[in-house]
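The values are calculated or read from the model by the stated rules, or taken from the named source; none is laboratory data. The structure displayed is predicted, hence computed values, not measured ones. We place every Cβ from the backbone using ideal geometry, glycine too, and count neighbours over all the protein chains shown. We work out accessible area using only protein heavy atoms, side chains counted, and drop any ligands, DNA or RNA first. Shrake-Rupley method; radii C 1.70, N 1.55, O 1.52, S 1.80 Å.
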Amino acid sequence: MKNTKTLNWFSSYTWCFPRFLVSCILVSVGAGVVHADGGVTFEDIADAGGAGIAFENVPSKNDSIARAFQVRGTVTMDDFIGNYPIKFKGAPGVALLDYDNDGDLDIYVTNGLGADNGLFANQLRDSGQITFVDVTGAAGVGLSDQESTGVCYGDIDNDGDQDLYVLGMSEPNRLLENNGNGTFTDISASSGTGGGNMSAMTCSMGDVNGDGLLDIMVANNFDMASNLAIFAVPFALNELNQLFVNNGNNVFTEVAAASGLHDFPEITWSTAMVDLDQDGDTDIVTASDNAGIPFAKFGGVDRGFVRFFANDGSGNFTDGTAGELIKPGDWMGLAFGDLDSNGTLDVFASNTGDYFEPFFGIPADLGDQASQWFLQEPDGSFIDPGAGDLVASVFGWGCAAFDYDNDGDTDIVYYGGLDSGPIVDLSNPGVVLQNDGAANFTLDQAALPDGVAANHKLRVEHGLAIGDLNDDGFMDIVSISNFNIPPSNPPAVPTLYTAAAPNLIYGSVFDNLALFFPTFLADPPPPAPAERFIFSGVDFDNGTLSVEINSADNGNRWVKVKTLGTIDITSNGVVNRDGIGAVVKFTPRRGNTAIKPVLGGSSYASQHSLEIGFGLGSAKTGTVEVLWPGGVRNRLYNVYRGERIVMPEIPCSFNAKWNRFRAYLSCVKGALNELRAARKISKIMYVRLLLSAIKAFHQERQSKRRSSRP
């Protein structure tokens with residue numbers, strides 16, 4: 001009887017919904033998934049000032065310290081240790097956001113003291129072309145009086161636009177409120193988010209206490225005027241991380257110590273606020289650096305880890321790091337996705353790689369300093385599967401886990417390089433790792449054609465963010481270098497690590513790609529131990545912004561999902577307006593489920609677009625499911641290839657313990673009516689969400705019945 005009533009109720013809504021779509025909700029359709037692995041390439045449209053982007057990253061205020069070494073001409077390794085500055089060419093980051101709410105992604109990039117940060121407005125919606133206009137001055141976001149580092153963003157006041165948080169090097173951070181008219185106001189002082197004179201590197205936004213307001217986590221480092229914290233002093237010089245809790249009315253309180261986050265004074269490069277265990281609350285992950293001090297097994301100290309701080313749901317954290325995740329390393333960037341298709345969120349963390357530190361004789365076994373992935377098991381533990389056929393890995397800062405070829409699985413991209421004093425590490429040639437769906441990765445060298453690859457070999461890249469800049473359903477890559485090697489550089493040239501140090505031949509694809517650039521020439525030259533170093537005489541170019549557009553031509557299909565939290569829209573909505581902290585799942589018809597979190601900052605010093613792309617391969621339809629902060633689950637069936645879905649929080653979970661179906665139905669209809677009244681969904685989306693909510697409820701009930709049978 002109930003089933004008959006339900007079907008009659010379905011039919012009463014077909015007046016506003018095409019009959020064939022109703023049948024698609026009720027009866028799944030589609031063919032099996034065929035994957036086209038790879039088959040796409042990236043083109044840098046910002047090369048040489050293209051696409052309207054003319055941006056140069058200027059050096060740090062500490063550049064004068066490094067130049068003093070160059071003036072001396074001849075130095076020893078002891079001179080470098082303790083006295084050489086870190087990141088003296090700057091520590092830039094990048095964010096992809098729609099600052100003006102016109103429907104396309106804009107670019108914000110940070111810069112050094114005395115030069116403007118950059119805000120580049122995308123002209124796609126205005127002209128149909130992927131070009132940009134520099135609106136930094138008009139928007140009031142230049143911050144030329146700050147040495148800016150990382151950046152993150154989110155709607156801190158739930159007013160419908162995205163606000164910027166820009167970090168500073170050994171100076172206060174800046175919170176820029178979006179006024180909704182293309183301009184921003186600096187509210188750093190009144191908001192309490194300055195944070196003092198820390199060297200902040202990466203920030204992330206998320207709601208740690210479930211009040212619907214975005215809080216801010218900041219990864220701090222050390223005073224980079226010297227490298228004592230890297231080589232000589234394990235803990236005393238390190239700055240503690242900070243957590244700013246949003247009290248409402250754009251006022252924050254710093255609570256890291258009270259929240260259980262101050263037990264580890266590490267060199268923290270990156271942080272992310274992410275529901276790593278998928279229990280409905282926002283956890284915190286940090287990436288910290290062992291740096292130049294050897295690991296404990298070689299007589300040093302273990303101090304660099306990827307740490308998982310589990311949230312109890314109210315903003316109190318405990319260190320949940322366990323298993324293989326407890327592995328010392330020089331961890332720098334963070335990315336998340338279900339790499340092995342087992343239903344859990346895995347972690348990728350960038351590292352110094354297997355060439356850089358061993359080149360200097362710092363003891364390490366192969367894999368000790370690998371940029372690598374940790375796979376989460378269903379019981380919450382993590383395993384280290386090793387590098388597989390890659391054998392070895394290279395240096396990395398910014399990174400992302402995303403389906404770059406839209407074949408339905410989660411791939412990895414990471415870039416990076418570093419000036420260490422004697423050499424510049426250029427081991428990363430631009431790494432795009434193609435996943436086979438089971439976390440077995442291969443290097444897709446064809447994804448970066450010769451011209452793009454040549455630029456990567458000369459750019460010392462830091463911040464990296466991904467997003468669909470030209471709205472073709474394939475994700476693009478934006479990166480910023482802090483400096484570049486000049487194309488013509490006698491008397492020194494980039495050199496293969498393996499040519500200078502045969503002990504670094506691992507049988508890896510990277511053996512013939514991993515380069516370094518000798519800023520100072522060793523005397524005597526390798527392989528003999530250097531007694532002194534002589535400045536090569538090469539002056540570096542300023543850093544540049546790269547905008548790499550996906551060719552999107554391999555035939556694979558896609559959908560895009562943007563989350564909408566409904567606090568202050570629906571009566572029971574609890575999620576921040578951007579839906580940051582949600583975990584989104586997409587299952588193509590007859591395909592594996594992909595999982596991606598909505599992140600308010602991660603990578604390194606950067607933030608990806610909040611709109612998430614999923615690949616379908618050749619499938620025509622799929623199902624979206626969202627786990628919202630707070631634990632509510634919603635589902636939308638029969639999302640079609642090429643659809644751009646705004647998925648709203650409906651505060652009525654299909655898997656909750658409802659006494660009666662009518663109570664659940666009343667909750668869903670009430671929320672959808674409020675969303676319609678607020679003009680957040682169309683009539684058609686109203687019906688699709690309603691029918692999907694009912695189907696999800698009954699499928700969940702049937703699943704529970706089956707699982708309870710003996």
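A few comments on the model shown:
- For residue 221: the one exception among (1) farther than 23 Å from residue 139 by Cβ; (2) buried (at least 24 other Cβ atoms within 10 Å of the Cβ); (3) in contact (Cβ under 8 Å) with a residue 60 or more places away in the chain: (3)
- Residues being within 19 Å of the chain's Cα centre (by Cα), of a type in the set (Ser, Thr, Tyr) and open to solvent by 10 Å² or more (accessible area, probe 1.4 Å) are entirely absent from the range 314-332.
- Criterion applied to 535, 510 was being of a type in the set (A, V, I, L, M, F, W, C) and either touching a Lys or Arg at 6+ places or on another chain (Cβ under 8 Å) or surrounded by fewer than 24 Cβ atoms within 10 Å (Cβ to Cβ) (or both), and the one residue passing it is 535.
- Selection count where residues are of a type in the set (S, T, N, Q) and crowded, with 24+ Cβ neighbours inside 10 Å, scope the range 474-500: 3
- Of the residues making up the range 377-388, not a single one is open to solvent by 10 Å² or more (accessible area, probe 1.4 Å), closer than 30 Å to residue 71 by Cβ and assigned to a strand (DSSP E or B).
- Only one entry in 213, 167 is in a strand (DSSP E or B), at pLDDT 95 or above and among the aliphatic types (A, V, I, L, M), namely 167.
- Scanning the range 258-268 for residues that are touching a residue at least 12 places away in the same chain (Cβ under 8 Å) and in a loop (DSSP other than H, G, I, E, B) yields 259, 260, 261, 262, 263, 264, 265, 266, 267.
- Options 339, 325: the member that is under 23 Å from residue 402 (Cα atoms), aliphatic (A, V, I, L, M) and at pLDDT below 95: 325
- Of all residues making up the range 652-674, the number that are assigned to a loop (DSSP other than H, G, I, E, B) and crowded, with 22+ Cβ neighbours inside 10 Å: 3
- Close Cβ contacts (under 6 Å, 6 or more residues apart or on different chains) running from residues in the range 226-249 that are closer than 30 Å to residue 67 by Cα and open to solvent by 20 Å² or more (accessible area, probe 1.4 Å) to residues that are in a strand (DSSP E or B) and modelled with pLDDT of 95 or more comprise 239/220.
- Boolean, residue 409 is open to solvent by 10 Å² or more (accessible area, probe 1.4 Å) and not in a loop (DSSP other than H, G, I, E, B): no
- Any hit, the range 351-367, residues being in a strand (DSSP E or B) and touching a residue at least 40 places away in the same chain (Cβ under 8 Å): no
- Flag for residue 612 being β-branched (Val, Ile, Thr) and buried (at least 23 other Cβ atoms within 10 Å of the Cβ): yes
- Of all the criteria given as (1) buried (at least 24 other Cβ atoms within 10 Å of the Cβ); (2) over 30 Å from residue 81 (Cα atoms); (3) aromatic (Phe, Trp, Tyr), the one not satisfied by residue 374 is (1).
- Some residue of the range 541-555 being charged (D, E, K, R), farther than 30 Å from residue 165 by Cα, in contact with a strand residue (DSSP E or B) (Cβ under 9 Å, 6 or more places away or on another chain) and in a loop (DSSP other than H, G, I, E, B): no
- From the list 516, 533, 520, the one residue that fits, being of a type in the set (Phe, Trp, Tyr), touching an Asp or Glu at 6+ places or on another chain (Cβ under 8 Å) and over 24 Å from residue 370 (Cβ atoms), is 533.
- Any chance residue 696 is surrounded by fewer than 23 Cβ atoms within 10 Å (Cβ to Cβ) and more than 28 Å from residue 155 (Cβ to Cβ): no
- Selection status of residue 395, touching an Asp or Glu at 6+ places or on another chain (Cβ under 6 Å), more than 26 Å from residue 260 (Cβ to Cβ) and not polar (S, T, N, Q): yes
- Selected residue [part of a loop (DSSP other than H, G, I, E, B), within 30 Å of residue 177 (Cβ to Cβ) and open to solvent by less than 60 Å² (accessible area, probe 1.4 Å)] from 87, 61: 87
- Filter result for residue 633 (under 22 Å from residue 688 (Cα atoms) and at pLDDT below 95): no
- Any hit, the range 619-629, residues being open to solvent by less than 10 Å² (accessible area, probe 1.4 Å), within 30 Å of residue 407 (Cβ to Cβ) and of a type outside the set (A, V, I, L, M, F, W, C): yes
- The range 232-256: number of residues that are assigned to a loop (DSSP other than H, G, I, E, B) and under 23 Å from residue 169 (Cβ atoms): 11
- Test: residue in the range 466-473 that is open to solvent by 10 Å² or more (accessible area, probe 1.4 Å), in contact (Cβ under 8 Å) with a residue 24 or more places away in the chain and outside any loop (DSSP other than H, G, I, E, B): yes
- Residue within the range 262-282 that is open to solvent by 40 Å² or more (accessible area, probe 1.4 Å) and under 22 Å from the mean Cα position of the chain (by Cα) present: yes
- Only strands (runs of 3 or more DSSP E) whose full extent lies in the range 562-644 are considered here, and the ones with at least 1 residues that are of a type in the set (Asp, Glu) and touching a residue at least 40 places away in the same chain (Cβ under 8 Å) are 621-627.
- Among the residues of the range 116-164, just one is β-branched (Val, Ile, Thr), open to solvent by 20 Å² or more (accessible area, probe 1.4 Å) and either part of a strand (DSSP E or B) or under 15 Å from residue 194 (Cα atoms) (or both), namely 133.
- Taken over the range 269-290, the criterion of being closer than 28 Å to residue 628 by Cβ and in a strand (DSSP E or B) is satisfied by 270, 271, 272, 273, 274, 283, 284, 285, 286, 287.
- Complete set of residues in the range 562-608 that are hydroxyl-bearing (Ser, Thr, Tyr), under 25 Å from residue 94 (Cβ atoms) and either more than 16 Å from the chain's Cα centre (by Cα) or open to solvent by 30 Å² or more (accessible area, probe 1.4 Å) (or both): 563
- Residue 197 vs. criteria free of Cβ contacts under 8 Å to residues at least 40 places away in the same chain, assigned to a loop (DSSP other than H, G, I, E, B) and of a type outside the set (Gly, Ala, Ser): yes
- The set of residues in the range 94-111 being among the β-branched types (Val, Ile, Thr) and either in contact with a helix residue (DSSP H, G or I) (Cβ under 9 Å, 6 or more places away or on another chain) or open to solvent by 10 Å² or more (accessible area, probe 1.4 Å) (or both) is empty.
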